[in-house]
1. Of these, LYS247, LYS216, LYS188, which one is closer than 30 Å to VAL358 by Cβ, outside any loop (DSSP other than H, G, I, E, B) and among the charged types (D, E, K, R)?
2. Here are some residues: SER176, SER196. Which one is of a type in the set (Ser, Thr, Tyr), assigned to a helix (DSSP H, G or I), buried (at least 22 other Cβ atoms within 10 Å of the Cβ) and within 32 Å of the chain's Cα centre (by Cα)?
3. Residues that are at pLDDT 85 or above, closer than 30 Å to ILE71 by Cβ and of a type in the set (Val, Ile, Thr): which helices (runs of 4 or more DSSP H) entirely in region 354-468 hold 1 or more of them?
4. Given the residues GLY161, GLY95, GLY61, which is the only one that is out of contact with any Gly (no Cβ under 7 Å at 6 or more places or on another chain), closer than 28 Å to ILE198 by Cβ and open to solvent by less than 20 Å² (accessible area, probe 1.4 Å)?
5. Among the residues of region 106-122 satisfying the criterion of being open to solvent by 50 Å² or more (accessible area, probe 1.4 Å) and assigned to a helix (DSSP H, G or I), which is farthest from MET80 (Cα to Cα)?
6. What are the residue pairs meeting all of these: first residue in region 166-194, first residue touching a residue at least 60 places away in the same chain (Cβ under 8 Å), second residue assigned to a helix (DSSP H, G or I) and open to solvent by less than 30 Å² (accessible area, probe 1.4 Å), Cβ atoms under 7 Å, and 6 or more apart or on different chains?
7. Enumerate the pairs (first residue in region 271-290 and closer than 18 Å to LEU354 by Cβ; second residue anywhere and open to solvent by less than 10 Å² (accessible area, probe 1.4 Å) and among the β-branched types (Val, Ile, Thr)) with beta-carbon separation below 6 Å, excluding pairs fewer than 6 apart on the same chain, so at least 6 apart or on different chains.
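The values are calculated or read from the model by the stated rules, or taken from the named source; none is laboratory data. Here the structure is a predicted model, which means the values were calculated and not measured. Neighbour counts run over all protein chains shown; Cβ positions are idealised from the backbone, glycine included. These area figures cover heavy atoms from the full protein model, side chains too; ligands, DNA and RNA do not enter into them. Shrake-Rupley method; radii C 1.70, N 1.55, O 1.52, S 1.80 Å.
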Amino acid sequence: MEAEDEQSNAMMEKKMEAEDEQSNAMMEEIYSNGGEESVRSRPIISGEQLDIEAYASLYQGRTKITRLLFIADHCDNVSMRLEALRMAYDEIKKGENTQLFREVVQKIDGRLGPNYAMDVAWCDSVDRRAEQRKEKLENELNAYRTNLIKESIRMGYNDFGDFYYSHGALGDAFKSYVRTRDYCTTSKHIIHMCMSAILVSIEMGQFTHVTSYVSKAEQTPEALEPVTVAKLRCAAGLAHLEAKKYKLAARKFLEVGPDLGNSYNEVIAPQDVATYGGLCALASFDRAELKACTYSIFCLYNCSKVIDNVTFRNFLELVPEVRELINDFYSSHYASCLDYLGNLKANLLLDIHLHDHVETLYDQIRNKALIQYTHPFVSVDLNMMANAFKTTVAGLEKELEALITDNQIQARIDSHNKILYARHADQRNATFQRVLQTGNEFDQDVRAMLLRANLLKHDYTLRNSRKL
């Protein structure tokens, strides 16, 4: 008997150990959704300040200067502001935009020493050369127009566009580029005109023009090279982003091909494609679409073969933080995801295109995380959920109240016990209601058909009376 009791006790102990292990595994899984006791030990990126020199090296031309000036206007760090102004000063001196040069010197206000003061001689020299250049272009264009040589006229207007663009007269540059449209003789000429108009429109912030000329360029697919298609996708993505159409923007950025490389860094860098596309996807995609974004697989069915396009994954490799936060969001590791977003926020607020959308995108991403967290459960412990999202229970209740009021979460909150109870629809009652509605609609249709049949049978038809 004693042996049997010992054997029984041993089996009970093993069973209890197994249950403890299973319970621990479940708790680890729950906390892996974002709790402080996460089993993962992968380090989170630190919120280091932006490396302005490395950031500026991603771009060239006018956008490099405008991005540096944007940082100087919106950054709270004085040393970073001065560094951005110094780099903008040096970059402008490589070009011919004296008006922008004067603005930068005024912003520096002598804080960078005598080497970054007003250079009157340089401005006078550039302006003098500009007047001579403009006079020469006018004479050449007038000669071309007299001889009615379409190609020469097109080149003349294009040269004028380049001239105005280099001197910062964006409105005149846009007009000159658009005027070449009447003298385009090939599809490539039309593409060149559209790309020039798109570039200037982005600089001016006229994104309605961007959308228009992207559409015009896409109407000549026979002349579109892969790199041009990638540039058009980027331009369209920026236009949708500016219009706050985040889902359309995400799709456009995800369609950008590998041919882009650094070929469009007068507008956007490959890192921007990953950042803009990733954040817009997080804010607007459902789980199925997000999985495609996470693994960057777009399936094309051709002769029963599946071709995997891993293009966007290559862009994400350039910005590991965005890649990881997308993976964390999809894997329901919300605390880690929100940590990444928090660390990225300061630098994203210094991005010229993303600045106005950061708060909106972050709110949408957080709301989606809250909705996804509560969706599978009948009831949720608010203390555990607050721990997962690294917030207070009171703050979490306010967020959930807003989502419930907005009808994004079907639930009610037990404030006393701190539990969220889901409100699941009565499927049985809903099915009966749909059946009754379908029956009523069928009854009405049958009655209408019988009425029409009787009218035709008895020749009760209304004919238009002819006027004599």
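1. Of LYS247, LYS216, LYS188, the one residue that is closer than 30 Å to VAL358 by Cβ, outside any loop (DSSP other than H, G, I, E, B) and among the charged types (D, E, K, R) is LYS247.
2. Unique residue meeting the criteria: SER176.
3. Result: 358-374.
4. On inspection, the qualifying residue turns out to be GLY161.
5. That would be ALA121.
6. Every condition considered, the pairs that remain are HIS167/ALA130; GLY168/LEU100.
7. VAL273/VAL256; ALA274/VAL322; THR275/VAL322; GLY278/VAL322; GLY278/ILE326; LEU282/ILE365; ALA283/ILE365
Residue-by-condition table, conditions (1) closer than 24 Å to ASP339 by Cα; (2) in contact (Cβ under 8 Å) with a residue 12 or more places away in the chain; (3) surrounded by 11 or more Cβ atoms within 10 Å (Cβ to Cβ):
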| site | (1), (2), (3) |
| --- | --- |
| PHE377 | no, yes, yes |
| VAL380 | yes, yes, yes |
| GLY395 | yes, no, yes |
| ALA402 | yes, no, yes |
| ASP414 | no, no, yes |
| LEU420 | no, yes, yes |
| VAL435 | no, no, no |
